[in-house]
1. Considering only L54, L121, A106, whose Cα is most displaced toward the positive end of the charge dipole of the chain, charges sitting on Cβ of Lys, Arg (+1) and Asp, Glu (-1)?
2. Given charges of +1 on the Cβ of Lys and Arg and -1 on the Cβ of Asp and Glu, with all other atoms neutral, how large is the dipole of the chain about its Cα centre, in debye to the nearest 20?
3. Can you tell me the 0 to 90 degree angle between the C-alpha axis of helix 59-84 and the longest principal axis of the chain, rounded to 10?
4. Can you tell which of Y162, Y178, Y18 shows the greatest fluctuation in a Gaussian network model of the chain with Cα springs below 10 Å?
5. Compare the peptides 215-227, 238-250, 63-75 by average per-residue count of other Cβ atoms within 10 angstrom and give them in order, highest first.
6. Within straight cross-link reach of K242, meaning Cα distance under 18 Å, which lysines are found once same-chain residues fewer than 8 apart are removed?
7. Which of rounded, prolate, oblate describes region 1-75, given a ≥ b ≥ c as roots of the alpha-carbon gyration tensor eigenvalues and a/c under 1.5 marking rounded, otherwise prolate only if a/b is larger than b/c?
8. Taking every pair of Cα atoms in the chain, average 1/r, invert it to obtain the Kirkwood radius, and report Rg/Rh to two decimals.
Amino acid sequence: MNWDDLRIIAAVRDEGTYAGASARLRIDETTVGRRLSRIERALGLRLFEAADGLRKPTRQCEAVLAHVQAMAVHAAEIGRISESLPGPVGRLRIATTNAVAEEVLAPRASDFLRANPGLTLQFLTSSENVKFSRWEADLAIRLRKPDKGDFSISRLGDIRIYYFEPVATEGEPVLCAYPDELGAIPEMQFLRTKKIRPRCVTDNVRVIRTLIHSHQAAGVLPEHSCTDLLGDRRLRATLLPKRRDVWLLVQNHLKRDAATRVTIDWVRTCFSELARG
C-alpha cells in the first residue's frame, strides 16, 4: 500500500467529498478518484458509498481506516525521532570500491557512528561507478577523476602504491594486472614497463593481494591493502613514484545538508589519517 493513497481514504472520510479531499491534500480531484479506485481494486473492497451528496465509508472502509489512523500516529512519531537525537540526522549512501570501504572507512566507522547517533551510513560497494544522475548514491569515492557530471567534486588526497614481487621463486612470477579499461591508472602504467604477460587479470584488490601473499605472484597494491605485506621478508616491495588520486563526489542538493557535511568531514579525516600512516 502506498502511504499517500491511504491518506486519501482518510481525507475523503473527513471531508465527505472528492472535492474536499482534493482541496485538503492539494491534489487534483480526478487524482483522488483514480487513486481510490486503484486501492479498491487492490483490496477487492468497496470503500465509499454515495448518500445525500456525500461519500460515506463502508464497514470495510472503517476497518481500513483504523489501520490508517495507527499508521498516521507512527508517521508522526517517526518525524519526532530527530528531536530526541543530538547532532545531525540522516541516512547517507556512500558508493566506493570494496577495498576502500573495508580498509579505509569501515575501521573508522564505529567511532563516527557512535559520536553521531542520528546518522546511518549505507556502503554501496562495487567496481562499477554509480550513476549520480539517477541518485543511486549521495556520496561517492572514486580513484579516477570523472570527466564531467552534475555533482560537486573535490580531491580527497592521494594513495601510495607498491609493487610487490617474490624475493625467490622458480621461474617468472605470475603477474597480476587490472582489466584493460583501467589501463590509464598508475598501476597499469608501471606494469607495462615490466614486459611480462599478465597471467591474472582482475579489478578485485583482495584477489591480487592473496596471490602476492602466496609468494609466487607479483602485482601492485594500494597502501591500505598491503600494510602487513610490507614487513614480509619473502617479498620485495617497491614504492612507485606515482600515486592514485582520490576524489569525492557529492550530490549538489546535499552540499549544505548538516548530515552530509559531517559525513564529508569524516571521510576527509579517514584519508588524512591514511596519509599520515
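1. Looking along the dipole axis, the top candidate is A106.
2. Values: 43 positive and 35 negative charges, 104 e Å.
About 500 debye.
3. 50
4. Y18
5. On the way: 215-227: 20.7, 238-250: 16.4, 63-75: 12.8.
Ranked by mean Cβ neighbours within 10 Å, highest first: 215-227, 238-250, 63-75.
6. Result set, ordered by chain and number: K145, K194.
7. rounded
8. On the way: Rg = 28.1 Å, Rh = 23.3 Å.
Reported Rg/Rh (Cα atoms, Kirkwood Rh): 1.21.
None of the figures in this text is laboratory data; all of them are computed from the coordinates on show. Because the structure is a prediction, the values reported are computed rather than measured. FYI the Cβ positions are ideal-geometry reconstructions off the backbone, even for glycines, and counts take in every protein chain you see.
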